[in-house]
Structure formats: C-alpha cells, structure tokens
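The values are calculated or read from the model by the stated rules, or taken from the named source; none is laboratory data. From a predicted model like this one, the values you see are computed outputs, not experimental measurements. Cβ placement follows ideal geometry from the backbone for every residue including glycine, while neighbour counts extend to all protein chains displayed. SASA here: full protein model, heavy atoms, side chains in, ligands and nucleic acids out. Shrake-Rupley method; radii C 1.70, N 1.55, O 1.52, S 1.80 Å.
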Amino acid sequence: MLWCSDEAHFHLDGYVNRQNWRIWGTENPHFAIEKSLYPRRVTVWCALSSRGIVGAIFLEQTFNSARYVEALRNQFIPAIQSEPDFESMWFMQDGATPNRNNEVFDLLEEDFNPPGVRPEKSVRTFLLP
C-alpha cells in the first residue's frame, strides 16, 4: 500500500495563490492582486492511500522540518502502525525543503525501511522531485 502526502497553505485574509492561473485575451486586462506583506495563514498536511486519509494536520506556524517530524512521529505513524500490513506499506513525500533533512530521513528509516537502507535509496519510501 502506498501513502502519499502533501501540504497546502491557506491564507486567512481571503488571498488565493493564483500562480498557475492564466488570463488569455487580446487586450491587457490590467489585473492586479493585492496581498498583505505578512498574511496570516494555516498550513494543512495530510496523507492519502486506498485505505483513506490520515490528517488533516493544521499548523499556524511555519511548516519546518521539526514540525514535520513531530507530525509524522506523533500523528501519522501511530495512525498507520496498527494496520496489519504496516511492514509492507510505502510512504511518498514531495521534495519540499522541510521533508529533506537527516532528522526526517532517520525517522522514516526507523519506521519504513530495513536497517541500513537510507530513505532516498529505498524502495519503500521515496521523494518526488
């Protein structure tokens, strides 16, 4: 079974990140989006599999490696460890900066890999570019 995870930021002032929006036309629409320099936002993380969803985990602070490890260790891993096929589960995460440090790799190695196999080389956990 494969668990896929990701996070998204939601701005509390109504701002919507439209970086992938495109406006096509023959004239310049003179379109501008105003946003706060330091907007309040919440980050939501979850993991999905064919069994369902673990999360959503809400963070009002910056989503950094320490908070990511805390979410994995205290919420995600305990939620799936009781599954009978835990030993054969895979975990996939993207290559975001908080996901790519030794503390994260060490935690994933403890729970998802045979001893001595680094997560970035393993067949049981892998990162998307």
Members of segment 88-105 that are of a type in the set (Asp, Glu) and open to solvent by 40 Å² or more (accessible area, probe 1.4 Å): 103
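Residues checked against (1) within 23 Å of residue 107 (Cα to Cα); (2) β-branched (Val, Ile, Thr); (3) touching a Ser or Thr at 6+ places or on another chain (Cβ under 7 Å):
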residue: 3; (1), (2), (3): yes, no, yes
residue: 7; (1), (2), (3): yes, no, yes
residue: 11; (1), (2), (3): no, no, no
residue: 26; (1), (2), (3): no, yes, no
residue: 43; (1), (2), (3): yes, yes, no
residue: 59; (1), (2), (3): yes, no, yes
residue: 65; (1), (2), (3): yes, no, no
residue: 78; (1), (2), (3): yes, no, no
Taking segment 60-92 on its own, how many of its residues are at pLDDT below 85 and under 22 Å from residue 41 (Cβ atoms)? 4
So, of the residues in segment 95-129 that are assigned to a loop (DSSP other than H, G, I, E, B) and under 16 Å from residue 3 (Cα atoms), which turns out to be modelled with the highest pLDDT? 95
For segment 80-95, name all the residues that are among the hydrophobic types (A, V, I, L, M, F, W, C) and touching a helix residue (DSSP H, G or I) at 6+ places or on another chain (Cβ under 8 Å). 80, 86, 89, 90, 91
